[in-house]
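The values are calculated or read from the model by the stated rules, or taken from the named source; none is laboratory data. Small disclaimer: the values here were computed from a predicted structure and weren't measured. Backbone-built Cβ (ideal geometry, glycine too); neighbour counts: all protein chains shown. We work out accessible area using only protein heavy atoms, side chains counted, and drop any ligands, DNA or RNA first. Shrake-Rupley method; radii C 1.70, N 1.55, O 1.52, S 1.80 Å.
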Amino acid sequence: MAASDTGSGARAGTGRLSAECIVGVLALQGDFEAHERLIERLGHRSVRVRRAVQLPDLDALVLPGGESTTMLLFLEREGLMQPLRDFCASGRPVLGTCAGAILLARTVEGPRQDSLGVLDITIRRNAYGRQLQSFVGHADTPLHPDLAGSDAALELVCIRAPLIERLGPDVEVLVSADGRPMAVRQGALVASTFHPEMSGDTRLLACVLSGGATGNAAGKVAATPTHAATLTAPSASTSAAPSERTS
Amino acid sequence: MTDNGSQHTPLRLKTGLAEMLKGGVIMDVTTVEQAKIAEDAGACAVMALERVPSDIRKDGGVARMARIDIIEAIMGTVTIPVMAKCRIGHFAEARVLQQLGVDYIDESEVLTPADEAYHVNKHDFDVPFVCGARNLGEALRRVGEGAAMIRTKGEAGSGNIVEAVRHMRTVQKAMRELTLMGSEELMTAAKDMGAPFELVRMVAATGKLPVPNFAAGGIATPADASLMMSLGAEANFVGSGIFKSSDPAKFATAIVTATTHWDDPQRVLEAARTISAEAMPGLDVAKLDPAELLQTRGW
């Protein structure tokens, strides 16, 4: 595992979460444990969230990877949809990875399903294919300045990953691979189609946590084409990103 | 952990999918309709089968990999991952399943073993494998062969949780014992349990299996699901327990809820309360003829 722990990122950063903070991880199903490890590596405290009453105590929230259909059923059954939408509107940082990104998206395709609808993107589920098309790729360089802190390549672990097909006007690309958006930001909300918690790289999480109310950097990178771009889907399943599988 | 997976696919991509299934329920299904019921109830994956284990037990004969048309139809119906079983040692069945594109293969004692001496060399495959184990040595032998997820064997199709409990407790106890050993004791421990030394060292250092550790074999009620999670399972496989009950949709939903909220008795109670139907019929495993046991298949 690359020694890419930029643990000082959030604590020493200029964002609002500079001291130890309480980061909730939605723990209905999925890889919430891996997220807890990442949060603790940054020196923050993680809390498993299964009930709406826990939300007010949190400084930030992670929606982990897993099965979005399963999580969605729980959110509806347990009355968590509106409390989570309210949390997302509160300006506190939220990171959604893979299934979590699907939950955040305004529009979900492949097939269409409900979501929190708080981040203005269209996302396609299982866009690369099934497990055999899962891959480990690398982010385009140079990395976004907000992810700096280490020169190490940013590894993108993609498991039955979704694809971001449309970006709203207020959505900024944080991480791309072959020009495709892999992590995007709108205000304090970040959605990533890869799993930073699977590679143990803390840079994206540190960036999310240093965001919050002050961190809306939309427009900071003028060269990034963010304006309602319609993006093309991968034409062949394995050509989506440079992959360890073929090396 | 370093990637010692197949020469093609890194192990963390294989264990990565298992990570995504944690806290969830993987359900055995034999038809498209059952697969839909499972997905709608909140299953995080389905296992496509021709017959559930209790029917395999009842019907006898040779149990093989499921018919391809059944697996394909299920893959075409649900958006959650689809797993399928191959016989122990039957690497040609496994190749067919990989070619078909299933998301996980269960090299399973529930099917009739094809090889009495050797399991599949799972490093040769890009698709991840799950294997059953009754103890830590067996679990680490399977990981050594490339398994990316371990589950208890339990006693499939019995509706009786006692064997799954035994297997989970046995594995957990052996892992705790390893963490207390001096480094000079580990080679002897590896010899005694017939497990690869490097994996024994890894468990001694972490107190955990190097791959996700799920429960299977006998889960029939929401409380069973909560029990296995309490004993250290990271997710539950439910075979006959859902579609051999008298109200599959309710059992499926209740078992999913009890798995997620396993440590909240009030939530497990509420899940159990939704059920007003009979659970699957159970068997006293102690009274089964040893030849009828599925868990003794494989080594």
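Can you report the number of residues in region A:83-120 which are β-branched (Val, Ile, Thr) and out of contact with any Pro (no Cβ under 8 Å at 6 or more places or on another chain)?
4
Criterion first (away from every other protein chain (no Cβ under 14 Å), farther than 18 Å from B:Asp59 by Cα and at pLDDT 95 or above) does B:Phe237 satisfy it?
Considered against the rule, which asks whether it is away from every other protein chain (no Cβ under 14 Å), farther than 18 Å from B:Asp59 by Cα and at pLDDT 95 or above, B:Phe237 comes out as yes.
Any residue in region B:246-258 that's more than 21 Å from B:Lys22 (Cα to Cα): show its pairings with residues that are outside any helix (DSSP H, G or I) and not hydrophobic (A, V, I, L, M, F, W, C) at Cβ separation under 7 Å, as long as the two are six or more apart or on different chains.
Matching pairs, first to second residue: B:Ser246/B:Glu278; B:Lys250/B:Thr274.
Of everything in region A:27-58, what is acidic (Asp, Glu) and surrounded by fewer than 24 Cβ atoms within 10 Å (Cβ to Cβ)? Give them in sequence order.
Within region A:27-58, A:Glu33, A:Glu36, A:Glu40, A:Asp57 qualify.
Quick one: which residue in B:Val78, B:Val46 is within 14 Å of chain A (Cβ to nearest Cβ), open to solvent by less than 20 Å² (accessible area, probe 1.4 Å) and assigned to a loop (DSSP other than H, G, I, E, B)?
Of the residues listed, the single one that is within 14 Å of chain A (Cβ to nearest Cβ), open to solvent by less than 20 Å² (accessible area, probe 1.4 Å) and assigned to a loop (DSSP other than H, G, I, E, B) is B:Val78.
Condition first: surrounded by fewer than 24 Cβ atoms within 10 Å (Cβ to Cβ) and within 11 Å of chain B (Cβ to nearest Cβ). Now tell me which residues in region A:146-161 satisfy that.
Selection gives A:Glu155 alone.
Of all residues in region A:109-131, how many are within 11 Å of another protein chain (Cβ to nearest Cβ) and either touching a residue at least 60 places away in the same chain (Cβ under 8 Å) or within 12 Å of A:Glu165 (Cβ to Cβ) (or both)?
3
Collect the residues in region B:262-290 that are touching a residue at least 12 places away in the same chain (Cβ under 8 Å) and under 18 Å from B:Cys44 (Cβ atoms), keeping them in residue-number order.
Listed by number, the residues that qualify are B:Trp262, B:Ala271.
Please state which one of B:Thr274, B:Thr257 is β-branched (Val, Ile, Thr) and open to solvent by 50 Å² or more (accessible area, probe 1.4 Å).
B:Thr274
Could you list all residues from region A:175-207 that are of a type outside the set (D, E, K, R), closer than 15 Å to A:Thr141 by Cβ and open to solvent by 10 Å² or more (accessible area, probe 1.4 Å)?
A:Ser176, A:Gly179, listed by residue number.
Can you tell me which residues in region B:222-233 are outside any helix (DSSP H, G or I) and buried (at least 24 other Cβ atoms within 10 Å of the Cβ)?
B:Ala233
Quickly run through region B:50-79 and pick out the residues that are at pLDDT 95 or above, of a type in the set (A, V, I, L, M) and in contact with a Leu (Cβ under 9 Å, 6 or more places away or on another chain).
Listed by number, the residues that qualify are B:Met65, B:Ala66, B:Ile68, B:Ile70, B:Ile71, B:Met75.
Name the residues in region B:184-237 that are touching a residue at least 40 places away in the same chain (Cβ under 8 Å) and either aromatic (Phe, Trp, Tyr) or touching a Cys at 6+ places or on another chain (Cβ under 6 Å) (or both), would you?
B:Phe214, B:Phe237
Does A:Leu61 satisfy being away from every other protein chain (no Cβ under 14 Å), surrounded by 22 or more Cβ atoms within 10 Å (Cβ to Cβ) and either part of a helix (DSSP H, G or I) or modelled with pLDDT of 95 or more (or both)?
Taking the combined requirement at face value, the residue satisfies it.
So, A:Gly117, is that one out of contact with any helix residue (DSSP H, G or I) (no Cβ under 6 Å at 6 or more places or on another chain) and at pLDDT 95 or above or not?
Here the answer is yes, as A:Gly117 does meet what is asked.
Do you know which residues across region A:19-45 are within 14 Å of chain B (Cβ to nearest Cβ) and modelled with pLDDT under 95?
none
So in region A:46-58, with the set limited to residues that are assigned to a helix (DSSP H, G or I) and out of contact with any Asp or Glu (no Cβ under 9 Å at 6 or more places or on another chain), which one is farthest from the other protein chains (Cβ to nearest Cβ)?
That would be A:Pro56.
Among the residues of region B:108-129, is any part of a loop (DSSP other than H, G, I, E, B), of a type in the set (S, T, N, Q) and under 30 Å from A:Leu132 (Cα atoms)?
Yes, region B:108-129 contains at least one residue that is part of a loop (DSSP other than H, G, I, E, B), of a type in the set (S, T, N, Q) and under 30 Å from A:Leu132 (Cα atoms).
Exactly one of these conditions fails for B:Arg142: (1) among the basic types (Lys, Arg); (2) open to solvent by 30 Å² or more (accessible area, probe 1.4 Å); (3) assigned to a helix (DSSP H, G or I). Give me its number.
Looking at each condition in turn, B:Arg142 falls short on (2).
Go through region A:60-97 residue by residue and tally those that are at positive phi and touching a Lys or Arg at 6+ places or on another chain (Cβ under 8 Å).
1
Only one of B:Ala204, B:Ala249, B:Ala190 is at pLDDT 95 or above, small (Gly, Ala, Ser), surrounded by fewer than 20 Cβ atoms within 10 Å (Cβ to Cβ) and in a helix (DSSP H, G or I). Can you tell me which?
Among B:Ala204, B:Ala249, B:Ala190, only B:Ala249 is at pLDDT 95 or above, small (Gly, Ala, Ser), surrounded by fewer than 20 Cβ atoms within 10 Å (Cβ to Cβ) and in a helix (DSSP H, G or I).
Across region B:31-43, which residue is nearest to the other protein chains (Cβ to nearest Cβ) among those that are crowded, with 24+ Cβ neighbours inside 10 Å and part of a loop (DSSP other than H, G, I, E, B)?
Restricting to residues being crowded, with 24+ Cβ neighbours inside 10 Å and part of a loop (DSSP other than H, G, I, E, B), the top hit is B:Gly42.
Those residues that are touching a His at 6+ places or on another chain (Cβ under 9 Å), in contact (Cβ under 8 Å) with a residue 40 or more places away in the chain and of a type outside the set (A, V, I, L, M, F, W, C), I need them from region B:89-120; list them, please.
Matches in region B:89-120: B:Glu107, B:Pro113.
Among what's in region A:162-191 and is over 14 Å from A:Gly211 (Cα atoms) and among the acidic types (Asp, Glu), pick the residue that is farthest from the other protein chains (Cβ to nearest Cβ).
Taking the candidates together, the pick is A:Asp170.
On the given criteria, is B:Gly159 in contact with a helix residue (DSSP H, G or I) (Cβ under 7 Å, 6 or more places away or on another chain) and surrounded by fewer than 18 Cβ atoms within 10 Å (Cβ to Cβ)?
no
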